[in-house]
Amino acid sequence: MKNNYKFIFLIMFIASSINAQNLLEKLDKEFNVEEIDEIATFKTTRIGLSHSIETRKKGALQLSLYFRYWDTNAPSGQNFLADKVSTRYGLDYAFTDNFTLGIGYTNYDKLVDGYFKYQLLKQTKDSNKRWFSLTLVQTISHQELTSTIYDVYESATTSENSYAFVTQALFARKFNPNLSLQITPSFIYRNKNNENDDPTSQFAIGIGGRHRLSKHTSFVSEYNYVLNSIDSIETYNTFMVGVNWEVRNFIFQFHLTNARSFAEDLFLTKTTNNFNFRDPNLHFGFNTTYVIQTKRRK
Amino acid sequence: MNKVFLSLTLLFFVFKNLNAQNQKIARQGQVSFFSYTSVENIEAVNNQALSIIDLKENKIAISMLMRAFVFKKDLMYQHFNESYVESDLYPKANFEGEILNLNREEKIQTKIIKGRLDIHGVSKEIEIKTKIENVKDNFILSGDFNVKVNDFDIQIPPILASNIAKTITIKFKFQYEPYEE
């Protein structure tokens with residue numbers, strides 16, 4: 001009889017203790033498995049030259065200053081650091097979490113550019129639902145081209161408006177917390193050329209990536225290949241390597257590139273120097289962006 | 001045969017009694033944290049924290065997804081998840097503990113919950129003073145406590161040391177309802 005009671009007590013003890021230890025495991029089951037979007041594929045809205053798939057959340061205003069420095073062919077120059085500098089002043093505003101509008105002015109090229117950026121798809125984390133993120137960008141740029149016709153008796157200066165439209169579809173995937181890659185096919189359309197047989201529509205495809213070096217810095221690189229380049233002048237494909245540093249609301253990007261312009265239609269198709277370390281081909285770029293949150297996102 | 005039958009029925013009763021009345025779950029617990037510095041105030045709220053309390057054993061468990069913390073600024077949210085708590089590696093924050101000297105009948109009481117807090121892969125023993133309200137045997141637990149950022153191996157770069165407080169205040173409120181498995 002005694003054995004019976006011992007046996008019963010043992011069973012009751014085991015039963016009660018099994019239940020009490022599983023509280024955290026029970027909580028694990030209660031979590032609804034919903035798909036979580038991947039964040040921070042690039043952390044910056046531009047990889048360096050081209051746009052990245054990132055768009056800021058609603059109400060975010062980005063003030064940006066992009067600088068590009070390069071030397072010219074002149075045998076001796078007295079300029080401090082670099083001979084030429086080109087600056088782009090930019091403003092980007094996110095109307096919704098997925099849609100951003102931006103405008104900018106470049107002083108060296110005397111070019112005004114604006115863009116719409118819409119994030120169509122977001123990569124999902126840990127599931128095979130959406131394998132990559134997709135963002136569409138439409139850039140419009142305007143330049144006033146002046147040309148002077150020299151005649152024996154008088155010279156006439158004409159100026160015409162040159163518009164260029166660039167449509168890009170950005171496909172990017174975050175492979176792991178340290179590596180993200182992006183492919184950028186682009187279509188460039190120019191409304192007129194300087195009286196030559198250059199194609200007005202061009203296609204380019206770019207590949208860019210980001211590798212995280214530390215919690216706040218990353219290494220970026222980009223290469224853009226033009227499928228049908230123009231013939232009137234010799235152009236080269238653009239290449240960029242750089243480092244991004246994110247601190248609080250500031251984003252700093254430092255890079256080396258052979259592109260001189262900031263507008264997609266110019267740097268993709270009209271870069272006239274190759275990327276090598278001989279002067280004057282090494283161009284140094286420095287981008288600063290400051291993000292302000294303008295309204296409560298509730 | 002009789003012995004087996006008797007023990008099985010006892011088991012049955014043990015299991016039956018242990019659950020429904022004694023385990024409560026809170027599905028939309030609110031957990032928020034604040035960092036106050038002279039330069040910047042940072043705060044975030046998580047409205048999807050889960051918690052179960054077992055009133056027979058006086059045990060409590062809390063679990064929440066780090067990604068569910070909502071910030072006013074998007075960049076803060078990205079920095080928080082990517083660089084500070086690294087939610088890719090440690091997606092959840094957990095707490096497992098015991099409510100000391102709980103009196104199930106009292107309407108309002110303040111008791112200490114002692115347990116282990118798990119954030120960013122680091123566990124720490126803490127004691128939290130909690131206000132426990134009993135509304136028709138459904139409980140509401142609320143309170144606040146401080147934690148040190150350093151204790152959980154969260155690294156703040158020296159340049160931002162003045163923007164993020166070393167001690168962070170965490171507030172929580174859980175409303176429980178009966179839990180059926």
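Would you mention how many residues in segment B:132-177 are over 18 Å from residue B:84 (Cβ atoms) and open to solvent by less than 60 Å² (accessible area, probe 1.4 Å)? Walk me through it before giving the result.
Within segment B:132-177, the first condition is being over 18 Å from residue B:84 (Cβ atoms), and the residues that meet it are B:132-145, B:171-177.
If we keep only those that are open to solvent by less than 60 Å² (accessible area, probe 1.4 Å) as well, we get B:132-134, B:137-143, B:145, B:172, B:174, B:176.
Selection size over segment B:132-177: 14.
Of the set (1) polar (S, T, N, Q); (2) closer than 26 Å to residue A:125 by Cβ; (3) open to solvent by 20 Å² or more (accessible area, probe 1.4 Å), all apply to residue B:78 but (3). Scanning segment A:58-74 for residues that are touching a residue at least 40 places away in the same chain (Cβ under 8 Å) and out of contact with any Phe, Trp or Tyr (no Cβ under 8 Å at 6 or more places or on another chain), we see that the one that is surrounded by the fewest Cβ atoms within 10 Å (Cβ to Cβ) is A:73.
Of all residues in segment B:62-86, those satisfying the criterion of being of a type in the set (Val, Ile, Thr) and either under 21 Å from residue B:163 (Cα atoms) or within 7 Å of chain A (Cβ to nearest Cβ) (or both) are B:70, B:85.
Of all residues in segment B:103-126, how many are open to solvent by 30 Å² or more (accessible area, probe 1.4 Å) and more than 12 Å from the chain's Cα centre (by Cα)? Walk me through it before giving the result.
The first filter runs over segment B:103-126 and keeps only residues open to solvent by 30 Å² or more (accessible area, probe 1.4 Å), leaving B:103-108, B:110-112, B:114, B:116, B:118, B:121-125.
Restricting the remaining residues to those that are more than 12 Å from the chain's Cα centre (by Cα) gives B:103-108, B:110-112, B:121-125.
Total satisfying the criteria: 14.
The strands (runs of 3 or more DSSP E) located wholly in segment A:218-298 that include 1 or more residues which are touching a Gly at 6+ places or on another chain (Cβ under 6 Å) and without any contact (Cβ under 8 Å) to a residue 60 or more places away in the chain occupy A:250-257.
Scanning segment B:150-181 for residues being over 19 Å from the mean Cα position of the chain (by Cα) and either in a helix (DSSP H, G or I) or aromatic (Phe, Trp, Tyr) (or both) gives a total of 4.
Only one entry in A:217, A:135 is away from chain B (no Cβ under 14 Å), modelled with pLDDT of 85 or more and surrounded by 12 or more Cβ atoms within 10 Å (Cβ to Cβ), namely A:135.
Residues that are part of a strand (DSSP E or B), open to solvent by less than 10 Å² (accessible area, probe 1.4 Å) and at pLDDT 90 or above: does segment B:85-93 have at least one? The answer is yes, given that some residue of segment B:85-93 is part of a strand (DSSP E or B), open to solvent by less than 10 Å² (accessible area, probe 1.4 Å) and at pLDDT 90 or above.
The values are calculated or read from the model by the stated rules, or taken from the named source; none is laboratory data. Everything numeric in this text was worked out from a predicted model, so none of it was measured. For neighbour counting, all protein chains shown are included, and Cβ atoms are generated from backbone atoms with ideal geometry for every residue, glycine included. Surface accessibility is based on the protein's heavy atoms, side chains included, excluding ligands, DNA and RNA. Shrake-Rupley method; radii C 1.70, N 1.55, O 1.52, S 1.80 Å.
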